[in-house]
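Notes follow the structure.
The values are calculated or read from the model by the stated rules, or taken from the named source; none is laboratory data. Everything numeric in this text was worked out from a predicted model, so none of it was measured. Neighbour counts run over all protein chains shown; Cβ positions are idealised from the backbone, glycine included. Areas reflect the complete protein model, heavy atoms only, side chains present, ligands, DNA and RNA absent. Shrake-Rupley method; radii C 1.70, N 1.55, O 1.52, S 1.80 Å.
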Amino acid sequence: MKHMWLYISKGDLETEKQQLIDEGKDISSVEADFEMYLKLEDEEILSIQSELQAFLDRTFALPEIGNYPYAEPSGLEEIRALRPKGPRKFSSAQSDSELLDRVTGAWIGRCAGCLLGKPVEGWHSKRLRDYLKETGQWPLNNYIRNDYPQEIRDKYNANRDGFINSVAYMPIDDDTNYTVTGLSIIKKKGFDFTPEDVANFWMSNIPLLNTCTAERVAYRNFSSLMAPPESATFRNVYREWIGAQIRADFFGYAAMGNPEYAAELAWRDASISHVKDGIYGEMWAAAMIAAAACEKDMAKVIKAGLAEIPAKSRLAEEILTVIDWHTDGIDSDTAIGRIHGKWDEKFAHHWCHTISNAAVVAMALLWGEGDFEKTLCLAVKAAFDTDCNGATAGSVIGMVLGAKALPEKWVAPMHDTLLTAVSGYHKVSITAIAKEGFELFRKNRDA
């Protein structure tokens, strides 16, 4: 029963220390404690779990430093009060058949981007680049293969499942599981679902050990009868990691043309497991996707997402910086280098943080220049959380272009098939589930 990922680890303590600094907390009173705990051996850490739980309770209650430059609430109304001006809703003369094509493109794009990044998830940039070069797959312009001599596969530890030569569908992945979960929640509870509905759906339909990081902690909190938003904050060192951002997409699909509504739906989902910029990541992504149904200019799409989160947040600052780089005319390699210069991919907190990965997504969308292949490949070649970023970027560009415009080389290998861990959707047609979700959107729009 020693499921190590249910224990507080030294890595968790390193994450918590940096998270507190990120949030502008005064850690002077606990720095010596962090130093003491981080010097312990792993076995010693496992033996003092109750002490560490109490320590996390202390760290969460720390006061904020003076002159913290950001304003980052977690409540929906407080978030809305701090938004910049922006298009809350887009008017569109598109027919239902055109909108269905758009959202089908988003589903396909999400699956394709996830499949591109899935086999190299967790790889750092040098390993990824060296492997692709040694196997003749650089520059990246197609799904990644591993049907090469065993010595090369062993050299890069490229023996896992998910490489395109070993699958003929989109395999089970948390990035697509959560997209289907969003559909299932709305199908079951309607568009008026609450954060508590999301928590209950998880406990009824998702096994605990199928969750990771912030989702895992929130799930454990649900089981202890902690309702949202407490479930997101109690002893949750991952509260601003990428987990909520990858859950955004269906809420964008369900609110095409209405980024404000998409962001609200996303907030209801994100608030069960995340706070502050962790929530903003899901709201930003959902709003972008909703805007992409009506707007093709990628900078405008990205800014429509930013219009739904606090203007003085770390996430907004980061994405606006990436937009400025694009305006300045630097190339994509320079942009990727700058992201890596700020975020250390070898530090788990940076590798899996909402903001670092959102920067990668924004970079891919901008330098992708409306090209499906270029966008997906940029999102993955930048490393960090490759399958998550490929999926989110693919969802946005797929929505912009629509299914009919997507290149066959990226569509055909999946054979219109998605596998998921969600009850009732273990093996589905991608186009069929897109249509099912579209019908939910259409009925709500016309109600």
Name the single residue that is nearest to A255 (Cα to Cα) among those in the range 66-81 being open to solvent by 70 Å² or more (accessible area, probe 1.4 Å) and not in a helix (DSSP H, G or I). P69
Which is under 17 Å from the mean Cα position of the chain (by Cα) and of a type in the set (K, R), of K381, K374, K346? K381
Checking G252 against (1) in contact with an Asp or Glu (Cβ under 9 Å, 6 or more places away or on another chain); (2) open to solvent by less than 10 Å² (accessible area, probe 1.4 Å), the condition it does not meet: (1)
Does K85 qualify as being among the charged types (D, E, K, R), closer than 21 Å to V301 by Cα and either assigned to a loop (DSSP other than H, G, I, E, B) or open to solvent by 30 Å² or more (accessible area, probe 1.4 Å) (or both)? yes
Answer with yes or no whether S92 is of a type in the set (S, T, N, Q), closer than 29 Å to V275 by Cβ and touching a helix residue (DSSP H, G or I) at 6+ places or on another chain (Cβ under 9 Å). no
Checking E215 against (1) under 17 Å from the mean Cα position of the chain (by Cα); (2) open to solvent by 20 Å² or more (accessible area, probe 1.4 Å), which single condition isn't satisfied? (2)
Return the only residue of T386, T354, T334 being open to solvent by 10 Å² or more (accessible area, probe 1.4 Å) and β-branched (V, I, T). T334
Which residues, taken from the range 407-447, are among the hydrophobic types (A, V, I, L, M, F, W, C), in a helix (DSSP H, G or I) and buried (at least 17 other Cβ atoms within 10 Å of the Cβ)? W410, V411, M414, I430, I433, A434, F438, L440, F441
Does at least one position in the range 52-63 carry a residue that is under 30 Å from A432 (Cβ atoms), open to solvent by less than 80 Å² (accessible area, probe 1.4 Å) and out of contact with any Cys (no Cβ under 8 Å at 6 or more places or on another chain)? no
Among the residues of the range 318-331, write down those that are surrounded by 13 or more Cβ atoms within 10 Å (Cβ to Cβ), in a helix (DSSP H, G or I) and not acidic (D, E). I319, L320, T321, V322, I323, W325, H326
Sort out which residues of the range 148-174 are charged (D, E, K, R) and either surrounded by 19 or more Cβ atoms within 10 Å (Cβ to Cβ) or farther than 16 Å from P413 by Cα (or both), and write them in order of number. E151, R153, D154, K155, R160, D173, D174
Under 9 Å by Cβ, and 6 or more places apart or on different chains, what pairs join a residue from the range 38-50 that is of a type in the set (A, V, I, L, M) with one that is assigned to a loop (DSSP other than H, G, I, E, B) and exposed (fewer than 10 other Cβ atoms within 10 Å of the Cβ)? L46/K2
Name the pairs: first residue in the range 140-159 and farther than 22 Å from A391 by Cα and β-branched (V, I, T), second residue open to solvent by less than 60 Å² (accessible area, probe 1.4 Å) and part of a loop (DSSP other than H, G, I, E, B), Cβ to Cβ under 8 Å, at least 6 apart or on different chains? I152/T135; I152/A158
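Yes/no per residue for (1) out of contact with any helix residue (DSSP H, G or I) (no Cβ under 8 Å at 6 or more places or on another chain); (2) within 30 Å of D12 (Cβ to Cβ); (3) buried (at least 23 other Cβ atoms within 10 Å of the Cβ); (4) not aromatic (F, W, Y):
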site: A358; (1), (2), (3), (4): no, yes, yes, yes
site: A362; (1), (2), (3), (4): no, yes, yes, yes
site: L365; (1), (2), (3), (4): no, no, yes, yes
site: G368; (1), (2), (3), (4): no, no, no, yes
site: G402; (1), (2), (3), (4): no, no, no, yes
